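A short reminder: the numbers here are calculations on the coordinates, not readings from a lab. Because the structure is a prediction, the values reported are computed rather than measured. As a convention, Cβ positions derive from the backbone with ideal geometry for all residues, glycine included, and neighbour counts pool all protein chains shown.
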């Protein structure tokens, strides 16, 4: 009896060891659903974008995403969730730049640019300078000239504080220290658009995705991009007008720092495939999301350059904590 | 401002779209979506914590698989159902299912305690449908003009509007204004936790990372109203929540009472609801409270409010459903949502590639009018569907109190957690449950505290805008605050509102004098709360 049991036991033990050891190295990733952390509310712009991505993720990968919404405090709550998750490849999430940079520099966030492994950049939403269609201003230069003559008279609406819009305003102030605009902060893009429509402010800096919501009523004077934007092909960039400002908001996907190299490579490869899928490109255009793909390394390099630039801007403005 | 020449606000060829839109509506799929959306919405709304915003947001991805008009019809039906559904739990267990239903508890719950839950439920059903239809009426006929008007509400106007809302504390707790003000002030203080909206730095977080997002309104209200209600219920020696003795013919009697005696109240509350709904930032939770207080202010006998009067339920419920039509006006015409739910629906529209704007009524007119007509249909369909569902929900009163109490606690936790998947929100529910319970024992007013928590962030945000704008005019802050005509009207309304308890007191005194004219008034009480 005892002897009889030894062999099966040995065999079972070997089998168990093999089972434990072998799949650990060769297991297919992913073999279970992946948590996708969204730091904003369901149905918001970030959610809509991620849902479009999911549609094409399902085309290439068997395991789906499970959406986890962690909204609050301008994204800090959700971004922290991603940074603090176990880097096993089963929690990834959407980040926004410059939000994460600003939050770590000025709002005592518990993460910084080093807390993430970057998968890809998927959206580059440049800031625009917009006025009402009925406005007397026909170009940004006219606003600048007017504000030089009448300091503080011209009112500019910004989403903020400590946002991409605010940074563009700081950059503008640095470039034109003698031009005084009165800035008014709004909680979100909808409030900012309403203020421009109601005439509470004379101009706004706003993202394309947001400005497009009321595009019938707005005249977009310039885009703060490196090149013209496909949504507004007739609008010149600020650089074309010899105003050297490039400012935008980027949507990025990332995992917590320390992801195994093979999993990170798989995610980066899959996101690349999604971003080059013609169906995805068409869906993004329909939803008003200015798609622009950057691979993980380029994204990381970009974020570090933003961090250096924003640190200097905030320091000059006395906003560095 | 805004006097510059805008293109004429025409409703281009609305008639052309009527027939195809109505044909779209009688499509069996759309009818089914309306019925399912309504029923689902009512249930979501009735569950404390699962709010209208969440219900609609959860269904947005499902619309990606539908054609845009069916998707919109369904989202609209959920919105209407959920706002109405919130009143059911407000009436039955004194727990507003959605924040919009806070004011419904003031009179709905006393009615239930008196054993007249059926009257309260039917009142809220019929008033909701009435308010909803008034709101959609304005959406259909006056969207363009009203959207322009709503835009006149900038920082200063919204600041005064919020203060006006806050001043209702004075009317809410006339006998006990001191404690009402303290409760409201505590609420305001609580709302300052989190990131400062004007400087962007955290405050009062005591180093705790979770507090950085502040105390969310919904978990706080679940605590103040539902959880404290559980503590109150298990403290009583009753076996059931309240007696429930439905009498035949109540529905007809309620309908006749509303049509006969409450016409003015219903109409005024619906207009207030539509108007507040149009304003970006202000939603149903404020509209229903303002409407309730206006009804009380102008009533012949204000003292019956709060003791279970049909008028109170009718004004709160008609106002919060009228908000729906109002909030869709700036959303469709300008791309600016008038409420949190409208913002979610806007997101769904944009995801379908539909551009909001005045052109929506011509370029995608069939879709726009299908949606608007579906709102009429939904409000009418709500009467039979709501009737069936509210009778089922009233069965709750026949369950043993202990089961109901356990059920409320479970739902409160789920609802609070589901908002942002944060355990902190569950602690908020527990803490505010005790605050509400013991505060109530001390005579504190949970309604005032909730008002402070809701309005605090809006007051602060708009004050910040005023301070920013003050740099641009020579007169500084005072001239910004009082410059526009709307601001002046609101300041006058605010003054009137603050004087109301005094005026009501005078009215009562005069009545007393009339009844006992010969007796001298040497026991006239002092009044220092003018």
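For Cα pairs less than 8 Å apart in space and 6+ apart in sequence, what is the mean separation divided by the residue count of region B:224-316, i.e. the relative contact order in percent? Let's see the in-between values first.
On the way: 50 pairs, mean separation 22.7, N = 93.
This gives 24 percent for region B:224-316.
If you average the sequence gap of Cα pairs under 8 Å that are 6 or more apart and divide by the length of chain B, what percent do you get for the contact order?
Details: 982 pairs, mean separation 140.8, N = 530.
Averaging sequence separation for qualifying contacts and normalising by length gives 27 percent for chain B.
Quick one: grab Rg to one decimal and Dmax as a whole number for region A:126-241, Cα atoms only, in Å.
12.8, 35
Between A:39, A:189, A:261, where does the largest GNM mean-square fluctuation fall for chain A, given springs only between Cα atoms within less than 10 Å?
Among A:39, A:189, A:261, the largest GNM mean-square fluctuation belongs to A:261.
Could you please rank B:237, A:178, B:483, A:191, placing first whichever residue has the fewest other Cβ atoms within 10 Å of its Cβ?
Working: B:237 6, A:178 9, B:483 15, A:191 23.
Going from sparsest to densest Cβ surroundings: B:237, A:178, B:483, A:191.
With r as the distance between the Cβ atoms of residue B:113 and residue A:228 and R0 = 45 Å, compute the FRET efficiency 1/(1 + (r/R0)^6) and round to 0.05.
Values: r = 66 Å, r/R0 = 1.48.
FRET efficiency, residue A:228 to residue B:113: 0.10.
Roughly what angle does helix A:261-275 make with the longest principal axis of chain A, taking Cα atoms, 0 to 90 degrees, to the nearest 10?
Tilt of helix A:261-275: around 50 degrees.
Ranked highest first by the average count of other Cβ atoms within 10 Å around their residues, in what order do A:77-83, A:145-151, A:311-317 fall? Intermediate values should be presented prior to the final figure.
Working: A:77-83: 24.9, A:145-151: 13.7, A:311-317: 15.6.
Highest mean packing first, the order is A:77-83, A:311-317, A:145-151.
Taking only Cα atoms, what is the 0 to 90° angle, nearest 10, from helix A:2-26's long axis to the longest principal axis of chain A?
Result, in degrees: 20.
Determine, for A:95, B:22, the number of other Cβ atoms within 10 Å of each Cβ, and report the residues in order from fewest to most. Walk me through the numbers on the way to the answer.
Working: A:95 30, B:22 14.
Ordered by Cβ neighbours within 10 Å, fewest first: B:22, A:95.
Along the three principal axes, how long is region B:178-310 when you take its alpha carbons, biggest first, rounded to the nearest angstrom?
59, 44, 28
What Kirkwood hydrodynamic radius do you get for region B:15-507 when you take the inverse of the mean 1/r over all pairs of distinct Cα atoms, in Å? Mind showing how you got there, number by number?
On the way: mean 1/r = 0.0442 Å⁻¹.
After inverting the mean inverse Cα-Cα distance, the result is 22.6 Å.
Add -39500 (n - 2.57) for each DSSP H run of 4 or more in chain B, then divide by its residues: what number comes out at 222 nm, to the nearest 500 deg cm²/dmol? Walk me through the intermediate numbers first.
Numbers: 21 runs with 371 residues, N = 530.
Taken over chain B, the calculation gives -23500 deg cm²/dmol.
Return the average number of partner chain Cβ atoms within 10 angstrom of each residue Cβ along peptide A:179-191. Don't skip to the answer; put the middle values down first.
Values: counts 0, 2, 2, 6, 4, 11, 9, 6, 8, 4, 2, 12, 9.
Mean partner-chain Cβ count within 10 Å for A:179-191: 6.
Tilt of helix A:296-317 relative to the longest C-alpha principal axis of chain A, in degrees (0 to 90, nearest 10)?
40
List the relative contact order of chain A as a percent without decimals, with contacts defined as Cα pairs under 8 Å and 6+ residues apart. List each step's numbers first, then the result.
Working: 557 pairs, mean separation 80.6, N = 321.
Across chain A, relative contact order equals 25 percent.
I want to verify the translational diffusion coefficient of the protein assembly as shown in µm²/s; compute it with Stokes-Einstein, Rh as the Kirkwood radius over Cα pairs, at 10 °C and 1.306 mPa s. Before the final figure, lay out each step's value.
Values: Rh = 28.5 Å.
So the translational diffusion coefficient is about 56 µm²/s.
Subtract the Cα-Cα distance of residue A:112 and residue A:219 from 0.36 nm times their separation in residues, and report this length gain in nm to one decimal. Walk me through the numbers before you get to the answer.
Working: separation 107, 0.36 × 107 = 38.52 nm, distance 3.69 nm.
Net length gain for the segment: 34.8 nm.
Once fully extended, how much extra length lies between residue B:264 and residue B:152, figured as 0.36 nm per residue of separation less the alpha-carbon to alpha-carbon distance?
Values: separation 112, 0.36 × 112 = 40.32 nm, distance 2.73 nm.
Extra length available between residue B:264 and residue B:152 comes to 37.6 nm.
Order these by the 10 Å Cβ neighbour count, fewest first: B:364, B:250. Spell out each step's value before the answer.
Working: B:364 23, B:250 16.
Ranking B:364, B:250 by Cβ neighbours within 10 Å, fewest first, gives B:250, B:364.
Using 1/(1 + (r/R0)^6) with R0 = 25 angstrom and r between the beta carbons of residue B:64 and residue B:23, what's the FRET efficiency to the nearest 0.05? All intermediate terms of the calculation are to be shown ahead of the outcome.
On the way: r = 24 Å, r/R0 = 0.97.
According to the calculation, E is roughly 0.55.
Which residues does a label at residue B:243 reach in region B:399-443, if reach means a backbone N under 20 Å from a point 7 Å past the Cα toward the Cβ?
It comes to B:399-402, nothing else.
In the calculated pair distance distribution of chain A, what percentage of Cα-Cα distances lie above 37 Å? Could you put the intermediate results ahead of the total?
Working: 12843 of 51360 pairs.
When all Cα pairs of chain A are counted, 25 percent exceed 37 Å.
Among B:58-67, B:288-297, A:46-55, how do they line up from the highest to the lowest mean number of other beta-carbon atoms within 10 Å?
Values: B:58-67: 16.5, B:288-297: 27.3, A:46-55: 21.6.
In descending order of packing, they fall as B:288-297, A:46-55, B:58-67.
Count, for each residue of A:95-108, the Cβ atoms from other chains sitting within 10 Å of its Cβ, then give me the mean as a whole number. Before the final figure, lay out each step's value.
Details: counts 0, 0, 0, 0, 0, 0, 0, 1, 3, 0, 0, 3, 5, 6.
Other-chain Cβ atoms within 10 Å of each residue's Cβ, averaged: 1.
Kindly state, to the nearest 0.05, the FRET efficiency for residue B:15 paired with residue B:486, given R0 = 45 Å and r defined as their beta-carbon distance.
On the way: r = 34 Å, r/R0 = 0.76.
Calculated transfer efficiency: 0.85.
Just to be sure I understand the model, the point goes 7 Å from the Cα along the line to the Cβ. What's the resulting residue B:380 to residue B:142 distance in nm?
Distance between label points: 2.3 nm.
Whole angstrom only: what separates the Cα centroid of region A:180-232 from the Cα centroid of region B:390-430?
If you average the Cα positions of each part, the centres end up 43 Å apart.
Can you tell me what share of the DSSP beta bridges in the protein assembly as shown is antiparallel? A percent to the nearest 5 is fine.
Values: 30 of 46 bridges.
Restricted to the protein assembly as shown, the bridges split so that about 65 percent are antiparallel.
I want the antiparallel fraction of DSSP beta bridges within chain A, as a percent rounded to 5. Spell out each step's value before the answer.
Values: 27 of 43 bridges.
So the antiparallel bridges in chain A amount to around 65 percent.
Residues of region A:103-144 with amide nitrogen under 19 Å from the 7 Å Cα-to-Cβ point of residue A:297?
Counting only backbone N, you get A:114, A:116-122.
How many partner chain Cβ atoms sit within 10 Å of a residue's Cβ in peptide B:210-217, on average, as a whole number? Don't jump to the answer; show the numbers that get you there.
Values: counts 4, 1, 11, 7, 2, 0, 2, 0.
The shielding value for this peptide is 3.
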